[in-house]
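Participant: Before I ask anything, here is the structure I am working with.
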């Protein structure tokens with residue numbers, strides 16, 4: 001083997017993910033890596049705001065050969081991966097890629113309940129579904145005035161995983177006829193009756209409380225509530241419809 005061939009074989013690739021919950025981006029990157037024959041140990045997955053090295057050295061994802069075979073992934077893997085990628089475990093991207101890599105050689109491995117990596121993906125999926133269920137069940141909107149004589153509903157929630165955008169559609173469908181905001185430490189959602197917009201992280205004090213003095217607090221909160229303040233101008237962006245339609 002030539003020195004150049006050895007260098008290419010040992011090359012390390014770094015994938016910088018734009019969002020911690022972007023399954024479509026991960027899937028496209030993973031597909032290209034598999035088709036280019038890049039083994040899992042040669043890939044580093046870096047998410048924004050994570051513990052990974054944002055300046056990690058490595059090559060860009062290589063282009064797949066024109067004659068590369070299609071990547072195989074059964075429905076069970078895809079279904080589990082879409083949820084697992086929302087988990088807060090920073091190792092989830094590498095785990096999913098390892099399993100995808102192995103699926104090319106063993107298409108039925110997802111049926112192996114004793115496989116530790118299959119079991120781990122199932123565990124991530126279960127944790128995310130539990131977190132989403134909690135969000136559906138425990139988000140409590142508080143009615144406030146929006147400063148222009150209209151009604152606006154605000155809720156605070158602290159998810160354990162990256163489930164905010166994935167659950168936007170649930171709240172749009174269920175509360176389509178009212179204006180609302182869901183505030184979390186990781187980001188916020190704002191529905192104006194037509195579109196969902198994403199905002200920056202919030203603090204618990206940005207949302208109205210629900211104690212015995214709720215009426216007094218709600219009156220005070222209405223006097224200071226300004227949805228625009230939570231959106232922080234340029235930081236506000238419209239959420240892609242794929243998340244909530």
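Participant: If we scan the range 62-78, do we find a residue that is touching a strand residue (DSSP E or B) at 6+ places or on another chain (Cβ under 9 Å), modelled with pLDDT under 95 and over 26 Å from residue 126 (Cα atoms)?
Facilitator: yes
Participant: Going by the structure shown, is residue 52 modelled with pLDDT under 95, surrounded by 13 or more Cβ atoms within 10 Å (Cβ to Cβ) and closer than 29 Å to residue 164 by Cα?
Facilitator: yes
Participant: Kindly indicate whether any position in the range 94-108 is in contact (Cβ under 8 Å) with a residue 40 or more places away in the chain, touching a strand residue (DSSP E or B) at 6+ places or on another chain (Cβ under 9 Å), under 24 Å from residue 16 (Cβ atoms) and assigned to a loop (DSSP other than H, G, I, E, B).
Facilitator: No.
Listed here are the residues, each with its yes/no results for (1) surrounded by 12 or more Cβ atoms within 10 Å (Cβ to Cβ); (2) modelled with pLDDT under 55; (3) in a loop (DSSP other than H, G, I, E, B).
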residue: 161; (1), (2), (3): yes, no, yes
residue: 168; (1), (2), (3): yes, no, no
residue: 177; (1), (2), (3): no, no, yes
residue: 181; (1), (2), (3): yes, no, no
residue: 210; (1), (2), (3): yes, no, yes
residue: 216; (1), (2), (3): no, yes, no
residue: 223; (1), (2), (3): no, yes, no
residue: 230; (1), (2), (3): yes, yes, no
residue: 242; (1), (2), (3): no, no, no
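Participant: Here is a check on your reading of the model: is residue 90 crowded, with 17+ Cβ neighbours inside 10 Å, on the phi < 0 side of the Ramachandran plot and at pLDDT 95 or above?
Facilitator: no
The values are calculated or read from the model by the stated rules, or taken from the named source; none is laboratory data. Just so it is clear, the model here is predicted, and its values are computed rather than measured. Methodologically, a virtual Cβ is constructed for each residue, glycine included, from the backbone with ideal geometry; neighbour enumeration extends over all protein chains shown.
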